[in-house]
Amino acid sequence: MKRYMDEQTVAALSRGAMYLGSGGGGDVKLTELMAKRAIRENGPVPLLSPFHVPDEAWVIPVAIMGSTTIFSEHLPSGSELKKVVETIENEKHIAASAVTGLEIGGMNALTPVIAAALTNLPLLDADGMGRAFPELQMTTYHGFGVKASPAVIANHPGKTHLLLSDENTDIEKQARILVTSLGGWAAIACYPMQGWQMREAGILQTYTLTIRLGEALSAAMDAHDVMEKMQQVFQKSIYGKPVKLLEGKIVDLQRNIIEGTLKGSLVVEGSGAYIGEYLSVFFHNEYLLVQKHNATLVTVPDLICVLDEETGYPLSVEELENHGKVWVIAIPSPFLLQTAKMLDVVGPMQFGIAERFIPMEERIKPNDNEG
C-alpha cells in the first residue's frame with residue numbers, strides 16, 4: 001500500500017530528523033516550512049518503497065549544501081531543487097521515477113520532500129547516510145560504487161552549474177568551491193542511479209523509520225521520556241537500541257571555526273546517579289567521539305546525541321552552552337555503515353581519529369546505562 005506524506009507527516013519527519021543529525025545536519029525549521037508549503041500547493045507526496053521501484057527506473061538524490069546560517073538568511077524559493085532534478089534528467093536523457101535523499105539527519109531529510117512535491121515525483125524511502133555527514137562522498141552511494149557525476153548545483157532557478165568527474169571526491173571539491181562562490185549555499189542533485197543500484201547502495205526505509213520516530217516523540221515531555229520512546233522505536237529497526245551514557249552539566253566547552261567547519265569538544269560532569277563521572281565529547285560539525293576517563297565509548301559512524309535535559313530536544317554543536325544540563329546518548333548505526341567499505345569512507349580515521357571503529361555494543365557493557 002502506497003503511503004502519502006502530508007503536512008502532519010512532514011512535521012513528524014522533521015522532528016525525527018533532528019535526532020539523526022548527531023549534532024549536525026542544520027536546522028530543520030525552514031525546510032519543514034518549505035516542505036509543508038510545497039505540499040499545500042501541490043498535494044501530498046507519495047512515499048515509495050525501494051522494493052517497489054523497477055530495476056531500470058531512475059532515482060535522483062537531492063540536498064542543500066553549504067552554510068545553513070547563510071541559507072536561513074537568504075531564503076530559497078524551493079524551485080532550485082526542482083531545477084537541479086530537471087537538469088540531471090536533461091543531461092542524462094532520462095526521466096526520473098523518484099527523488100530521494102542524501103542524508104536523513106537534519107534539514108536534508110526535508111529537501112527531497114520539497115523536490116518531490118515540486119516535480120510531482122514520488123519520494124523513495126531511502127538515503128545514503130542514515131544520519132548526517134559533512135561531505136558529499138560520505139555516503140553509501142559512494143561506498144558501493146555509484147558515481148556522483150553528473151552533479152548539478154543551483155542557488156537560483158534561472159541558472160545551473162554542471163559538475164563532471166569520474167572521482168566522487170573531486171565532485172565534492174568542485175561543489176564546495178562553487179557553493180562558496182555562489183554565496184554560501186546551493187541546491188544539489190547528484191548520484192543519479194537506477195532502482196537496482198539503490199537497493200544495493202542505499203540505506204533503505206529510513207524515511208518510514210524517521211517519521212515513526214517523530215510521531216513517537218510528539219508528546220515527549222523531557223529527556224527521560226524521549227529516551228524511553230527512542231528505545232521503543234529503534235529496538236526493531238536497522239539501528240540498534242539507544243544507550244544513555246551520562247546525565248549532567250556541561251563544565252567545559254571548546255568550539256572554533258576552522259576552515260569553515262565547527263570543531264571542538266565539551267566535557268560533561270555527571271549528576272544524580274552519575275556523580276563523579278565525566279564524559280568528553282568531540283565534534284567536527286557532528287559529534288564524532290565520546291570518551292570516559294580517556295577510554296573510548298563511542299565513535300563515528302555510531303550516532304551521538306546531546307539532549308537538553310528539560311525538553312529532550314537534541315542540541316546541535318552550535319546550540320551548546322556552558323553549564324547547560326544535558327543527557328549524552330548514543331545510537332548504534334545501521335550495519336551498512338559498519339562494513340569495511342563504509343568505514344573507509346566514514347570511519348574514525350576519515351575524521352582524524354586515530355583508532356579503529358569498534359561497535360558501541362562491544363564497548364559498553366549491557367545494562368550499564370538504560371536511561
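The values are calculated or read from the model by the stated rules, or taken from the named source; none is laboratory data. Predicted model only: the values in this text are computed from it and were never measured. Cβ sites come from the backbone with ideal geometry, for glycine too, and all protein chains shown count toward neighbours. These area figures cover heavy atoms from the full protein model, side chains too; ligands, DNA and RNA do not enter into them. Shrake-Rupley method; radii C 1.70, N 1.55, O 1.52, S 1.80 Å.
Odds and ends about this structure:
- Ratio of Rg to Rh over the stretch 1-137 (Cα coordinates, Kirkwood Rh, two decimals): 0.94
- Solvent accessible area, Å² - Asp222, 1.4 Å probe, full protein context: 60
- Beta bridges from DSSP with both residues in the stretch 1-141: antiparallel share about 25 percent, rounded to the nearest 5.
- Note that the stretch 166-231 presents 39 Å² accessible area per residue, ligands and nucleic acids not counted, probe 1.4 Å.
- Accessible area per residue was computed with a 1.4 Å probe on protein heavy atoms; Leu33 scores about 110 Å².
- Annotation: extensible slack from Glu7 through His323 equals 110.1 nm (criterion: 0.36 nm per residue apart, minus Cα-Cα distance).
- Ranked packing of 276-287, 10-21, most packed first, by mean Cβ within 10 Å: 10-21, 276-287
- Rounded to two decimals, the Cα radius of gyration of the stretch 300-371 over 2.2 N^0.38 Å is 1.27.
- Sorting 118-125, 211-218 by their mean Cβ neighbour count within 10 Å, with the most densely packed peptide first, gives 118-125, 211-218.
- Overall, the accessible surface of the stretch 129-188 at a probe of 1.4 angstrom is composed of carbon and sulfur to the extent of 53 percent.
- Compared with the dominant principal axis of the Cα atoms in the chain, helix 223-234 is inclined by about 50°.
- The length gained by stretching the chain between Ala340 and Ala219 to full extension, at 0.36 nm per residue less their Cα-Cα distance, is 39.7 nm.
- The stretch 180-262: C-alpha gyration tensor shape, a/c 1.5 cut-off, then a/b vs b/c: oblate
- Interatomic Cα distance distribution for the chain, bins of 20 angstrom, percent: 32, 59, 10, 0
- Extending 7 Å from the Cα toward the beta-carbon at both His52 and Asp252 defines two label points whose distance is 5.3 nm.
- The stretch 16-66 - percent of accessible surface contributed by carbon and sulfur, probe 1.4 Å: 56
- ³J(HN,Hα), Karplus 6.51/-1.76/1.60, whole Hz, each residue of the stretch 151-163, x for Gly, Pro: 10, 10, 10, 7, 10, 8, x, x, 9, 10, 10, 9, 10
- Here the stretch 85-127 is described by how far its Cα atoms reach on the three principal axes: 31, 17, 15 Å, from widest to narrowest.
- Between His93 and Glu228, the contour length at 0.36 nm per residue exceeds the Cα-Cα span by 43.7 nm.
- What the Cα atoms of the stretch 173-216 give is an Rg and a Dmax of 15.8, 41 Å.
- Here is how the number arises for the chain: DSSP H runs of 4 or more residues each give -39500 (n - 2.57), the sum is divided by the residue count, and the result at 222 nm is -9000 deg cm²/dmol.
- Using the alpha-carbon positions of the stretch 230-371, Rg (one decimal) and Dmax (whole number) come out as 14.5, 41 Å.
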